[in-house]
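Following: one structure in structure tokens, then a few remarks.
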Amino acid sequence: MDTAGRLRDAMARGVLSFPLTSFHTDGSLDLDGFRAHLAGQLATGPGAVFPACGTGEFFSLDEDEYRAVVTAAVGETAGRVPVVAGVGYGWAQAARFARIAEEAGADALLVLPHYLVAAPQDGLVTQLESLAARTRLPLVAYQRGQVAFTPAALRRAARIPTLVGLKDGHGDLDRLQRLTLAAPDGFLFFNGASTAELQARAYAGVGVPAYSSAVHAFAPEIANAFFAALRDGDEATTTRLLRDFYAPLAELRDRVPGYAVSLVKAAARLRGRPVGPVRAPLTDPSPADLADLRALLTTGLALVGAAP
């Protein structure tokens, strides 16, 4: 089966895991901690793993650190699930990271939004074409922030033989529905909104049931319980988890810019995971926010009958 087929099966089978990148307290890379964290993630049965992406603080990694993280992810995963590494910045720098990921044995690449500038649709397509010309790996485009494709641009981009899918972080369901109708058969879409579970029902309604889960990085018991409830049509459990865990988590996330990553790392540390602090420009949660996070985590785990 080709990589696109493996990813399609992965998306139907389980949560997409975006592992955290572990750092020591002095900010240096902690590869042993990363391997231990990823091993714990893999033990809970994710459909695929996406190392060195947004949750994995790609933006703070140099090329040597990136190589070490992706190599460790490929080694730890050992072919059990697809490994999709993040690449980003401009196409030239993205191509450098793509070369590293290819050498490390990654199965595909998630193309994170480019750096700083707003760009016209022709430029967004050319960016993907330029990267695709410099790597053999399949690409999944990530539209978020200043990147948002029109249906016409996606039709053009989908002609790139190695572009296999799109991750959406905007949550504009009208636009997303138009994109799904414009894409060729077999093109992959998945929900990459912040706290994606909150929008999972709505995304499924426009034909995009697959989603990434930051919660899986610290509470796979909760993430997997929600995935199963949504898949099985268990509306009572789905609503209870949304109301009592995911919605309060989103409210806490919205208190401080960057908490979409910082809270995830803090919650993992509360559970004894060796992930360490975030790197600047992110900041770790305040003591008051950490106390609220601890209480919410206890509530969420109790909802699914898991130990704290």
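The values are calculated or read from the model by the stated rules, or taken from the named source; none is laboratory data. Owing to the predicted nature of the structure, the values given are computational and were not obtained by experimental measurement. Glycine also receives a Cβ, built like all others from the backbone with ideal geometry; neighbour counts cover every protein chain displayed.
Quick look at the values:
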read-out	value
Residues being farther than 24 Å from PRO113 by Cβ and among the aliphatic types (A, V, I, L, M) - total across the range 30-55	6
Residue within the range 217-238 that is touching a Gly at 6+ places or on another chain (Cβ under 9 Å), among the charged types (D, E, K, R) and within 22 Å of LEU112 (Cβ to Cβ) present	no
Subset of the range 126-145 (residues that are over 11 Å from LEU163 (Cα atoms) and part of a helix (DSSP H, G or I))	THR126, GLN127, SER130
Meets criteria (of a type in the set (Lys, Arg) and part of a helix (DSSP H, G or I)) for ARG80	no
Among (1) aromatic (Phe, Trp, Tyr); (2) over 23 Å from ASN224 (Cα atoms); (3) touching a strand residue (DSSP E or B) at 6+ places or on another chain (Cβ under 7 Å), the one test that PHE50 misses	(2)
Lone unmet requirement of (1) over 25 Å from TYR89 (Cβ atoms); (2) in contact with a helix residue (DSSP H, G or I) (Cβ under 9 Å, 6 or more places away or on another chain); (3) surrounded by 15 or more Cβ atoms within 10 Å (Cβ to Cβ) for GLY186	(3)
Candidates ARG67, ARG96, filtered to the one that is closer than 25 Å to ALA214 by Cβ and among the charged types (D, E, K, R)	ARG67
Residue in the range 55-70 that is assigned to a helix (DSSP H, G or I), surrounded by fewer than 20 Cβ atoms within 10 Å (Cβ to Cβ) and free of Cβ contacts under 8 Å to residues at least 24 places away in the same chain present	yes
Residues of the range 133-170 classified as of a type outside the set (A, V, I, L, M) and under 17 Å from GLY54 (Cα atoms), total	9
Matching option when the condition is hydrophobic (A, V, I, L, M, F, W, C) and under 19 Å from TYR66 (Cα atoms), among LEU112, LEU128	LEU112
Which listed residue, of ALA200, ALA210, is under 19 Å from PRO51 (Cβ atoms) and surrounded by 16 or more Cβ atoms within 10 Å (Cβ to Cβ)	ALA210
Which listed residue, of ALA10, ALA72, ALA78, ALA39, is more than 24 Å from GLN143 (Cα to Cα) and modelled with pLDDT under 95	ALA78
Residue identified as at pLDDT 95 or above, hydrophobic (A, V, I, L, M, F, W, C), in a helix (DSSP H, G or I) and surrounded by fewer than 20 Cβ atoms within 10 Å (Cβ to Cβ) among ALA148, ALA98, ALA94, ALA152	ALA152
Among the residues listed as GLU103, GLU57, the single one being touching a helix residue (DSSP H, G or I) at 6+ places or on another chain (Cβ under 7 Å) and of a type in the set (Asp, Glu)	GLU57
Residue in the range 195-216 that is under 30 Å from THR71 (Cα atoms) and basic (Lys, Arg) present	no
Selection status of ARG269, charged (D, E, K, R), closer than 29 Å to PRO113 by Cβ and either within 19 Å of the chain's Cα centre (by Cα) or at pLDDT 95 or above (or both)	yes
Top-ranked residue of the range 271-289 - restricted to ones that are among the aliphatic types (A, V, I, L, M) and touching a helix residue (DSSP H, G or I) at 6+ places or on another chain (Cβ under 6 Å), ranked as surrounded by the fewest Cβ atoms within 10 Å (Cβ to Cβ)	LEU282
Any hit, the range 198-206, residues being out of contact with any Pro (no Cβ under 8 Å at 6 or more places or on another chain) and closer than 17 Å to ALA4 by Cβ	no
Flag for LEU109 being over 20 Å from LYS265 (Cα atoms), at pLDDT 95 or above and outside any helix (DSSP H, G or I)	yes
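Results for (1) among the polar types (S, T, N, Q); (2) free of Cβ contacts under 8 Å to residues at least 24 places away in the same chain; (3) part of a loop (DSSP other than H, G, I, E, B), shown as yes or no for each residue.
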site	(1), (2), (3)
PRO257	no, yes, yes
ALA260	no, no, no
ALA267	no, no, no
ARG279	no, no, yes
